[in-house]
Every structure is written in C-alpha cells, then in structure tokens.
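The values are calculated or read from the model by the stated rules, or taken from the named source; none is laboratory data. Nothing here was measured: the structure is a model prediction, and the numbers come from that model. Cβ placement follows ideal geometry from the backbone for every residue including glycine, while neighbour counts extend to all protein chains displayed. Quick note on the areas: whole protein, heavy atoms, side chains included, nothing else; ligands and nucleic acids left out. Shrake-Rupley method; radii C 1.70, N 1.55, O 1.52, S 1.80 Å.
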Amino acid sequence: MEIVSEHVCYGGVQRFYKHVSSETRGEMKFSAYLPPQARERSVPVLYFLSGLTCTEETFMIKSHAQMVAAQLGLMLVSPDTSPRAQRYPGDADNWDFGCSAGFYVDATQSPWSESYRMYSYVTRELPALVAANLPARAGAAGIFGHSMGGHGALVCALRNPGQYKSLSAFAPIAAPSQCPWGQKAFTNYLGHDKQSWQAYDASELVAQSPFMDEILIDQGTADKFLAEQLNPDVFAAAARKSGQKLNLRMQTGYDHGYYFIQSFMADHLKHHAARLQPA
C-alpha cells in the first residue's frame, strides 16, 4: 500500500492511497481521512461509497465531512467506484455502466467477472488493508454512501450482520431491480436471472432481515432521479415488513448533488459516531 499524497486537514491528515488488489486484479485507489485523535489512539472507521461517475477523491473534496469528523474522532475511508486497471470493450461508453459504475457487486458475467468484484473489495479486502495499516479501532466500523454508493452501503451492511455497527445513505438507489440504472447494471454484471439480483437489492434484503440498528436515509424532494431511479418508498415498505427501524427524511427542495450532501453531512456523522464511539 503506497501513499500517493497527503494533506494536513482540520488538525488531522487527508491521504490518498494506491495498492494492488487481489479482488479486482489490478491497482485500486482509496482515500482516508485520519482525524487528529488518530495520532494518540485507534479510532472508529466510517466507510463512504460514492456514486456514479465518482472516484476515490470525490467524497473527500466535495462533502465537507472532515471538519465534523475531526471533532468526533472518526476516520473516513472512501474507495474508488470501480476497477480501472483492467479495461473491457464498452466500459467507458456510458456514464452509468462500466468505469465509475461498478455498482458494488461481484460480477458473474464475462468479461466483467474478471475484475468487477467491488462487493468483495469493499467488504473484505479494503477493511483488511485498513486494519493492517491504519489506526482503526477493531469492531467499530460504519458504512454510508450516496446514490449508487447508497445502494452499496445498504447492501454491504444488510448482507454482513455485525461487520458494520452503523448505516446511513444519501438518495440511495434503494430498489435497483425496479429501476433502469439497476436493471442495466445487473443484467450486464449478473445476467438475466433476476433471482440472482436479489442478493444486491437492498429492498429485497431488508424485507427478509433487518439491520441491527436504525437506518438513516436523506432524500431530496427536488432530486431529478427520485421518481424513476431511487424508489425510497419501496425500501420503506420493505422495512415495515421486517420491522426495520428507518428514519427516512424527505428534504424539501434539495436535489441529488453534493450541496444536498453537505447540508446533512453533520447529521450523518453524528448518527454514526453515536453508535461507534464507546459509551
């Protein structure tokens, strides 16, 4: 694991890393913000999964999360959104599939199955790297994300009981099997058998087994993708079915972008800190 760059930020340090990944069979990049408390002790780690078109830099540059993370003593880790070392025909033809659009699944269809293994990268390889090289407190990890990354965060947490102690999302693709983005990605990455899609559909998962604690979701009412792509109402109905505690906040006038995310970032970080910091 190699440091690409580092920058002092709110008394802590913002770093960007690269490493060779066994899951994606090539170089991967991720960012990590270490709060000032990390100089003295291990700290909780909060993973953020970014959305379509993003990289490992997007969240750290645009979210304005570091100031509150420094106050709360949270490490922030954000990976790239897809493999980039291996290239495939058509992987850059569309902004919503291929490069920058890994959808946090382990692909089963050729050629994508060779390296598009973002689910295993996020849930296994990246946490192992963080644990071995950074001052992350054992047993104190949370996960959140935006849009495609909100989908990824919900799926990773719901499929791995106990690995993540806290969970939230901004405008997640909450029922990907029922929207054009998800159907396009799942057909290409997972094939035409829709039964196989259920393992990566948060609404299907939460209906079967709830997360251990309350899930916080913020969704803007002026989000241009709300009606066709995001389906928070489907997720809410599935949560009611299983008894999942859900705080779904419809935020009047907000759109899908990072001004929306900035506006409620402190709420999300406090949501996670309350569950990750020792009593």
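Odds and ends about this structure:
- Neighbours by Cβ (under 8 Å, 6+ apart or cross-chain): first from region 89-117, free of Cβ contacts under 8 Å to residues at least 24 places away in the same chain and at positive phi; second open to solvent by less than 10 Å² (accessible area, probe 1.4 Å) and among the polar types (S, T, N, Q): Gly98/Ser82
- Scope region 102-115; condition touching a helix residue (DSSP H, G or I) at 6+ places or on another chain (Cβ under 6 Å) and open to solvent by less than 10 Å² (accessible area, probe 1.4 Å); matching residues: Gly102, Phe103, Tyr104, Val105, Ala107
- Scanning region 2-24 for residues that are touching a residue at least 40 places away in the same chain (Cβ under 8 Å) and over 21 Å from the mean Cα position of the chain (by Cα) yields Cys9, Tyr10, Gly11, Gly12.
- Residue that is of a type in the set (Asp, Glu) and open to solvent by less than 60 Å² (accessible area, probe 1.4 Å), where the choices are Glu56, Glu2, Glu6: Glu56
- Out of Asp223, Asp233, Asp218, sole residue that is in contact with a Ser or Thr (Cβ under 9 Å, 6 or more places away or on another chain), at pLDDT 95 or above and charged (D, E, K, R): Asp218
- Of all the criteria given as (1) β-branched (Val, Ile, Thr); (2) in contact with a strand residue (DSSP E or B) (Cβ under 6 Å, 6 or more places away or on another chain); (3) loosely packed, with under 15 Cβ neighbours inside 10 Å, the one not satisfied by Ile61 is (2).
- Residue that is farthest from the chain's Cα centre (by Cα), among those in region 174-209 that are aliphatic (A, V, I, L, M) and either at pLDDT below 95 or under 14 Å from Leu158 (Cβ atoms) (or both): Ala207
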